[in-house]
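Colleague: This structure is in C-alpha cells; I'll ask about it shortly.
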C-alpha cells in the first residue's frame, strides 16, 4: 500500500530558535515500511501546502497519516484532512501523535468524517495494524484506535526501542533542521518516557510513567548513521541512570563518533550523575537544557518539581564548571504583575545561562488541565503554545504581553543578534562555511516574532475549531483520567 506520512507546519514562536527533525514520524515510517508498505514522508516544517498537494496528486497514496504533537496544529491538520477527503475521497486518513492522543474524539468531531480514525499512544506498534485493517469494519476494536463508532482498549507500548530505527532516508531538505547554533542538527532517541510527575507536563501521563532505553549498541549505531555534525538527544530526561549513559558513551567512543550534542535533563539528575555528563562533555556535549521552571520554592512545589531552589542553583554551577552552554526555562504565571516580571529580568541579567520564558498553560494531558480552578479565557487551539495566556491575567492582557516581551528581550540582548555572534561566533561561522544559514537568519528576528501587539492580536482571530470545555475534577485525578498508556508496576522506573 502507498502511505504518505505528514508532519504539520512549524510552531510560530518555536521557529525562531529551532526546527526539529520529525523523529517520531520517522520511527513510525520505519515500522510501516518494515510491514511491507511503500512509504513517503513530507515535513511541512520545510515544505508548503502546495508541495503537499503535488505529492498527493503524484504519489496517489491509499492512506495519509498526520502527526499531531502540538495543539496549535489542530486547525491545520483538520483543514488538510478535509481538503484531502474532498479531492481524493477514497483515501484513508488517520491522525496520531502526542496531542492527538489527548483530544482524539474532538478531532473526529471537528473533521466531520474527513478523518477515519485517531491513533492514541505510540505509533510504531499500531500504525501497521491500522493499515492492515483499512477497508474493514471494526477499526475501533484495535488498541488505542478511536473512530466515530467508538474506542478500542488502551494502546500498546513498544517493547523494544531498538526495533524501528528512524527512516531518516525518507526526509528531504534535512539541512533545514537546526537548534540554535547547532546548524544543521539531527535528532536521536536514547531513552523514552519520564518517571517524574510534574503537574504542568504531559510526558509522564502519555507514557504511563514508563521508562525504557535503547541498547548501547543500537543507540551508537543510530548515531553513527547520522550525517549531520550536531545531534539533539530528545530524551525527556537524559542520563537518569548514569550506567546507561556510560554504556552508550563507551560505544560512541569505540566507534569514533564525533558530534556536538544538545540534551535536556533535570537539575537533580545532573547533580547526582555529574560524572556521566562530564564524560559526555568530552564526547561532544555542547549545549544543555535544564528544567528549572521557577525561582521560588512555592512555585516549584506547585509545579511538583521535587527539587529545591538551592539544588537548581547548584546544578547551574555544575554546568558552568563543565563548560556547557546552558538554556533554562521559567514558567510565567498569568497572575504575575510588573514586580514579578522585573524580578525575573533582574535575575536573568546576572546569570550567563540562556533564560527563556513560557506561559503557564493548562494543556490537555497535563494534570493542571484537570485541576486548575481558574477558568480558561480561550478555547482556540492555536493559543495553546505556551506563548499565549489562556488563563485570566492579573495585568490587562496587552500589558501582560508587554511585560512578557520585555522580559524575554533579556534573551535577545544576551543571546541573539551581535551578542550571540560574540559568544557563538565560531560555531556560527563553521555553519556558514557549510552553507548553513538557519541560525544566522534568525539572529535578528526577535522583534518580529515576540511582539506584544501581535500576541495580543492573536486573541481576536476568528475561531473555526474550538476546544471542548474542560471538566475540572475535585480531588486527585484517576489513572483513567490522566494516562494514555496505563502504568504497569512491572516496568522499570527511576526514583524521583
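The values are calculated or read from the model by the stated rules, or taken from the named source; none is laboratory data. Predicted model, so just to flag it, every value in this text is computed and none were measured. Cβ placement follows ideal geometry from the backbone for every residue including glycine, while neighbour counts extend to all protein chains displayed.
Colleague: Taking the stretch 168-188 as the region of interest, how many residues are over 19 Å from the mean Cα position of the chain (by Cα), over 30 Å from residue 444 (Cα atoms) and touching a residue at least 60 places away in the same chain (Cβ under 8 Å)?
Modeller: Of the residues in the stretch 168-188, 1 are over 19 Å from the mean Cα position of the chain (by Cα), over 30 Å from residue 444 (Cα atoms) and touching a residue at least 60 places away in the same chain (Cβ under 8 Å).
Colleague: Residue 11 passes all but one of (1) closer than 15 Å to residue 173 by Cβ; (2) assigned to a loop (DSSP other than H, G, I, E, B); (3) touching a residue at least 40 places away in the same chain (Cβ under 8 Å); which number fails?
Modeller: Just one mismatch for residue 11, condition (1).
Colleague: Here's something else I'd like to know. Going by the conditions given, is residue 26 modelled with pLDDT of 95 or more and either out of contact with any strand residue (DSSP E or B) (no Cβ under 9 Å at 6 or more places or on another chain) or within 21 Å of residue 71 (Cα to Cα) (or both)? So that I can check it myself, show each step before the final result.
Modeller: On the way: modelled with pLDDT of 95 or more: yes; either out of contact with any strand residue (DSSP E or B) (no Cβ under 9 Å at 6 or more places or on another chain) or within 21 Å of residue 71 (Cα to Cα) (or both): yes.
The answer is yes for residue 26.
Colleague: Sticking with this structure for a sec: Please work out if residue 462 is more than 30 Å from residue 182 (Cβ to Cβ), modelled with pLDDT of 95 or more and assigned to a loop (DSSP other than H, G, I, E, B). Please lay out each step first, then the result.
Modeller: On the way: more than 30 Å from residue 182 (Cβ to Cβ): yes; modelled with pLDDT of 95 or more: yes; assigned to a loop (DSSP other than H, G, I, E, B): yes.
Answer is yes for this residue.
Colleague: Taking helices (runs of 4 or more DSSP H) that do not extend beyond the stretch 391-456, which have at least 2 residues that are under 14 Å from residue 354 (Cβ atoms), modelled with pLDDT of 75 or more and touching a helix residue (DSSP H, G or I) at 6+ places or on another chain (Cβ under 7 Å)? Lay out the reasoning, then the answer.
Modeller: On the way: elements: 397-415, 417-433, 438-442, 446-449.
Filter on the stretch 391-456 gives 397-415.
Colleague: Next question. Identify the single condition in (1) surrounded by fewer than 18 Cβ atoms within 10 Å (Cβ to Cβ); (2) under 17 Å from residue 72 (Cβ atoms); (3) modelled with pLDDT under 85 that residue 493 does not satisfy, given that it satisfies every other one.
Modeller: (2)
Colleague: Further question on the same structure: Might you check whether a residue that is within 21 Å of the chain's Cα centre (by Cα), at pLDDT 95 or above, closer than 30 Å to residue 408 by Cβ and not in a helix (DSSP H, G or I) occurs anywhere in the stretch 292-310?
Modeller: For the stretch 292-310, residues within 21 Å of the chain's Cα centre (by Cα), at pLDDT 95 or above, closer than 30 Å to residue 408 by Cβ and not in a helix (DSSP H, G or I): absent.
Colleague: Shifting gears a bit: Inside the stretch 191-269, counting only helices (runs of 4 or more DSSP H) that do not spill past its ends, which hold 2 or more residues that are crowded, with 19+ Cβ neighbours inside 10 Å, free of Cβ contacts under 8 Å to residues at least 60 places away in the same chain and in contact with a helix residue (DSSP H, G or I) (Cβ under 7 Å, 6 or more places away or on another chain)?
Modeller: Values: elements: 203-207, 216-225, 242-254.
Of the helices (runs of 4 or more DSSP H) lying wholly inside the stretch 191-269, those with at least 2 residues that are crowded, with 19+ Cβ neighbours inside 10 Å, free of Cβ contacts under 8 Å to residues at least 60 places away in the same chain and in contact with a helix residue (DSSP H, G or I) (Cβ under 7 Å, 6 or more places away or on another chain) span 216-225, 242-254.
Colleague: Return yes or no: is residue 238 within 29 Å of residue 301 (Cβ to Cβ), touching a strand residue (DSSP E or B) at 6+ places or on another chain (Cβ under 6 Å) and modelled with pLDDT of 95 or more? Steps first, answer last, please.
Modeller: Working: within 29 Å of residue 301 (Cβ to Cβ): yes; touching a strand residue (DSSP E or B) at 6+ places or on another chain (Cβ under 6 Å): yes; modelled with pLDDT of 95 or more: yes.
So residue 238 fits the description; yes.
Colleague: Quick test of your reading of the structure: residue 297 fulfils all but one of (1) surrounded by fewer than 21 Cβ atoms within 10 Å (Cβ to Cβ); (2) over 24 Å from residue 407 (Cβ atoms). Name the failing condition by number.
Modeller: Checking residue 297 against (1) surrounded by fewer than 21 Cβ atoms within 10 Å (Cβ to Cβ); (2) over 24 Å from residue 407 (Cβ atoms), the one that fails is (2).
Colleague: Oh, and also: Hey, residue 45 hits all of (1) in contact (Cβ under 8 Å) with a residue 40 or more places away in the chain; (2) farther than 24 Å from residue 179 by Cβ; (3) not in a helix (DSSP H, G or I) but one; which does it fall short on?
Modeller: Condition (2) is where residue 45 drops out.
Colleague: What's the number of the only condition in (1) buried (at least 22 other Cβ atoms within 10 Å of the Cβ); (2) modelled with pLDDT of 90 or more; (3) under 20 Å from the mean Cα position of the chain (by Cα) that residue 364 fails to meet?
Modeller: Result: residue 364 passes all but (1).
Colleague: Working only within the stretch 77-99, note down all residues that are within 18 Å of the chain's Cα centre (by Cα) and farther than 15 Å from residue 5 by Cα.
Modeller: Initial filter on the stretch 77-99 (within 18 Å of the chain's Cα centre (by Cα)): 77, 95-99.
Answer for the stretch 77-99, where residues must be within 18 Å of the chain's Cα centre (by Cα) and farther than 15 Å from residue 5 by Cα: 98, 99.
Colleague: Looking at the stretch 55-63, can you tell me whether even one residue there is in contact with a strand residue (DSSP E or B) (Cβ under 7 Å, 6 or more places away or on another chain) and at positive phi?
Modeller: Yes: one or more hits.
Colleague: Which of the residues belonging to the stretch 150-175 are out of contact with any strand residue (DSSP E or B) (no Cβ under 9 Å at 6 or more places or on another chain), closer than 27 Å to residue 18 by Cβ and not in a loop (DSSP other than H, G, I, E, B)?
Modeller: Of everything in the stretch 150-175, those that are out of contact with any strand residue (DSSP E or B) (no Cβ under 9 Å at 6 or more places or on another chain), closer than 27 Å to residue 18 by Cβ and not in a loop (DSSP other than H, G, I, E, B) turn out to be 169, 175.
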